[in-house]
Amino acid sequence: MRSTSAARSPARPRPPAEAREAIDPRIRARRAEVLRDEARRRLRVALWVLGLLLVAAGGWFALHSRLFAARVVTVVGATHTPASRIVAAAGLTDHPPLIDVGAAAAAGVERLPWVAHATVSREWPDGVRITVEERAPAAAVQELAGSGWAVVSRSGKVLTAAAQAPPGLPRVVGPVPPGAPGSTVRDLRAALVVATSLPRAFASQVTSVAEDRAREVTLQLTSGLDVYLGSTAQLAQKEEDVAAILRGAVLQAGSMIDVSAPATPVVRP
């Protein structure tokens with residue numbers, strides 16, 4: 001019987017590492033060339049990225065330098081506000097970099113009393129154009145002490161102060177004195193609505209428009225007559241009634257035309 005512990009045949013010796021790794025020199029050279037090409041490609045990409053970063057950094061510094069500063073400022077549309085004040089309000093007095101001029105400049109200009117809307121545009125390499133739309137004066141509001149007048153827009157914005165009421169503007173009197181230029185008169189909304197809608201039939205006869213604390217409006221006429229309008233409800237009808245009464249009735253100075261109820265206008269002595 002053959003023994004199970006019989007000696008196994010000896011393993012064949014492995015070839016040396018040099019023999020196992022023997023590669024065709026042409027393949028080795030090709031692999032080396034591929035590796036060199038890949039390294040060169042990565043280097044080119046890195047140089048391109050570095051170049052772009054340098055160009056971007058240089059451009060950023062150039063745009064924020066005095067080379068592209070806002071040195072030439074053109075103001076268009078301003079009649080009542082000096083251009084120097086508009087430039088200062090826009091923050092352009094110190095000639096900031098043009099790239100930094102934007103919405104904040106327009107917002108600064110729009111805080112000026114006369115300015116309703118402002119548009120600021122850049123004109124490279126060193127120019128800025130500010131286009132202004134001004135508010136229209138609608139009435140002159142008398143101070144309670146009688147020391148002066150405030151010229152206001154239709155919305156009640158105080159545009160400027162004046163020692164005398166400018167000619168051609170309706171005069172408005174209210175229970176609260178107007179504030180400084182730039183503020184808004186909030187207690188004369190009814191009077192301003194009336195003052196800016198007076199019909200041609202008797203607008204030239206109105207010397208003042210007064211509003212009391214109850215928001216009721218009274219007109220004073222050059223003839224010595226008063227017109228009590230009350231609220232601004234049905235204002236167009238009330239004004240038509242006043243025009244008809246002035247045109248067709250014989251009235252004495254000191255009388256009051258009451259059209260607070262337009263269906264039943266009354267003349268009171």
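Bear in mind these aren't lab numbers, they're just calculated from the coordinates by the rules spelled out. Keep in mind that what you see is a predicted model, and the values were worked out from it rather than measured. Don't worry about glycine lacking a Cβ; one is built from the backbone with ideal geometry, like all the others, and counts go over all protein chains shown.
Here are the numbers for the structure shown:
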| item | result |
| --- | --- |
| Normalised convex hull volume, the chain, alpha-carbon set, Å³ per residue | 379 Å³ |
| Rel. contact order, % - alpha carbon contacts under 8 angstrom, at least six apart, segment 139-268 | 17 percent |
| Intensity falloff of segment 164-247 expressed as log10 I(q)/I(0), Debye formula with alpha-carbon point scatterers, at q = 0.14, 0.26 Å⁻¹ | -0.46, -1.44 |
| Amide H contacts of Val267 (H built 1.01 Å from N, under 5 Å, at least 5 apart or other chain) | Asp258 |
| Value of [θ]222 nm, deg cm²/dmol, for the chain, DSSP H segments ≥ 4, -39500 (n - 2.57) each, nearest 500 | -9500 deg cm²/dmol |
| Cut-off under 5 Å, modelled amide H: who pairs with Gly77 long-range | Val132 |
| From phi via Karplus (6.51, -1.76, 1.60), per-residue ³J(HN,Hα) for segment 261-269 in Hz, x at Gly/Pro | 10, x, 6, 9, x, 9, 10, 10, x |
| Kyte-Doolittle at least -1.0, axis length at least 27 Å by Cα - qualifying DSSP helices, the chain | 25-63 |
| Sequence-distant residues sharing a close amide H with Ser255 (under 5 Å, placed H) | Asp226 |
| Pair Ala180, Ala161: separation of 7 Å Cα→Cβ label points (nm) | 0.9 nm |
| Longest exposed-site-free window of the chain, the sites being trypsin sites (Lys or Arg not before Pro) in a DSSP loop that have at most 11 other C-beta atoms within 10 Å | 9-110 |
